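A.B. asks: Please read through the structure below; I'll follow up with questions.
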Amino acid sequence: MIRTFFNNNRLTLSIAFAALVIVPLLAALVSSNDSTPASPTAVAVAGVAYPRNYRQDFTRYATVQRPDGTIRDLYINPTGLAGIGYYYSLPVGTVIVVEGYNALKNASGDYVTDANGHYTKADPLPSIHVREKRGYWAAADYTSSARNDGWNFGSFDTASGAIYNESLNACFLCHNTAQVDFTYSTDQMRDYASTGVPDYFMCRTTGRTACE
Ligand code: HEC
């Protein structure tokens, strides 16, 4: 009886210690390691959430270079990564990010390329594009009546992570014409699943038009 009481007290003390000392310590460690943009509280909760830490936690599966001088890195989260290459459609919980850059130009205005014809990254594009698949979205999570099954879209300011002011309707309309699961880069995902090396894809078209 006394022993149980003593053990329970020790347990209570350990929990208190964890709550008062370890948890704040961990929180401080996590936030000090966090190199992604500040002010996550500025992001609205409805719709697609800003995927903080995608550079650390997600996997880059492809880079797309276009003749208009843009470079885009495509990242997928662990849930999506576990599903790529194996299923026709990506699993619920998949989050994919497109982070873009303008290509560096030399003094004569030509894009600087390496031996493989790859551009050099200069300034980042103003927004990152995000797609997230869930089993359920509420009406308040959408900005228009357009739907792509379980997918929803988000656009966030590259520097701050705040919601970027652009129409998400265009995302739905364009991705609606993608051949597999509203996703354009399925081939790049499959390549990554079999090789483990991110595809460097030279797209021949400009803007956001589908590559051949
Ligand atoms: C006119 C067509 C078009 C529009 C509009 C468009 N996209 Fe895309 N998107 C593409 C293409 C094509 C790709 C393939 C990668 C590439 O070429 O950069 C792509 C790739 C993506 C990917 C990577 C996964 C995938 O589907 O391949 C995400 C995430 C994404 N877009 C989000 C968005 C968001 C968010 C918006 C709206 C703010 C948007 N897209 C608007 C054409 C479009």
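The values are calculated or read from the model by the stated rules, or taken from the named source; none is laboratory data. No experiment lies behind these values; they were computed from the predicted model shown. So basically every Cβ, Gly included, is an ideal-geometry build from the backbone, and we count neighbours across all protein chains shown.
Yes or no, residue by residue, for (1) closer than 30 Å to Lys133 by Cα; (2) among the acidic types (Asp, Glu); (3) modelled with pLDDT of 50 or more:
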position: Leu11; (1), (2), (3): no, no, no
position: Ser31; (1), (2), (3): yes, no, no
position: Thr41; (1), (2), (3): yes, no, no
position: Gln56; (1), (2), (3): yes, no, yes
position: Pro67; (1), (2), (3): no, no, yes
position: Thr70; (1), (2), (3): yes, no, yes
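A.B. asks: So Thr158 clears everything in (1) more than 12 Å from the ligand (Cβ to nearest atom); (2) over 19 Å from Ile76 (Cβ atoms) except one condition, right? Which one?
C.D. replies: (2)
A.B. asks: Can you say whether Arg131 is assigned by TED's automatic domain parsing to the domain that holds Tyr184, of a type in the set (Lys, Arg), closer than 25 Å to Cys174 by Cα and in contact with a helix residue (DSSP H, G or I) (Cβ under 8 Å, 6 or more places away or on another chain), as far as the supplied structure shows?
C.D. replies: Yes.
A.B. asks: How about the range 130-159: which of its residues are part of a loop (DSSP other than H, G, I, E, B) and surrounded by 13 or more Cβ atoms within 10 Å (Cβ to Cβ)?
C.D. replies: Across the range 130-159, the qualifying residues are Arg134, Trp137, Tyr142, Thr143, Ala146, Arg147, Gly150, Thr158.
A.B. asks: Could you grab me the full set of residues in the range 111-139 that are of a type in the set (Gly, Ala, Ser) and within 14 Å of the ligand (Cβ to nearest atom)?
C.D. replies: Answer for the range 111-139, where residues must be of a type in the set (Gly, Ala, Ser) and within 14 Å of the ligand (Cβ to nearest atom): just Ser127.
A.B. asks: May I ask you to list pairs of residues, at least six apart or on different chains, whose Cβ atoms are under 7 Å apart, with the first in the range 136-147 being farther than 11 Å from Asn169 by Cβ and the second being surrounded by 10 or more Cβ atoms within 10 Å (Cβ to Cβ) and among the small types (Gly, Ala, Ser)?
C.D. replies: Ala140/Ala46; Asp141/Ala46; Asp141/Gly47
Yes/no matrix, rows are residues, columns are (1) assigned to a loop (DSSP other than H, G, I, E, B); (2) touching a residue at least 12 places away in the same chain (Cβ under 8 Å):
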site: Ile128; (1), (2): no, yes
site: Gly161; (1), (2): yes, yes
site: Phe172; (1), (2): no, yes
site: Met189; (1), (2): no, yes
site: Ser194; (1), (2): no, yes
site: Val197; (1), (2): yes, no
site: Tyr200; (1), (2): no, yes
site: Ala210; (1), (2): yes, yes
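A.B. asks: Which residues, taken from the range 188-209, are under 22 Å from Leu81 (Cα atoms) and within 9 Å of the ligand (Cβ to nearest atom)?
C.D. replies: Gln188, Met189, Phe201
A.B. asks: So which residues in the range 173-212 are within 23 Å of Gly150 (Cα to Cα) and touching a Lys or Arg at 6+ places or on another chain (Cβ under 7 Å), if there are any at all?
C.D. replies: Cys174
A.B. asks: Continuing with the same structure: Regarding Ser185, is this residue near the ligand (Cβ under 7 Å from one of its atoms), among the hydroxyl-bearing types (Ser, Thr, Tyr) and assigned by TED's automatic domain parsing to the domain that holds Tyr75?
C.D. replies: For Ser185, the condition - near the ligand (Cβ under 7 Å from one of its atoms), among the hydroxyl-bearing types (Ser, Thr, Tyr) and assigned by TED's automatic domain parsing to the domain that holds Tyr75 - is met.
A.B. asks: Take the residues in the range 93-110 that are exposed (fewer than 14 other Cβ atoms within 10 Å of the Cβ) and either within 14 Å of the ligand (Cβ to nearest atom) or not hydroxyl-bearing (Ser, Thr, Tyr) (or both); name whichever of them is farthest from Thr183 (Cα to Cα).
C.D. replies: Ala107
A.B. asks: From Lys105, Lys121, which residue is farther than 23 Å from Ala62 by Cβ and at pLDDT 95 or above?
C.D. replies: Lys105
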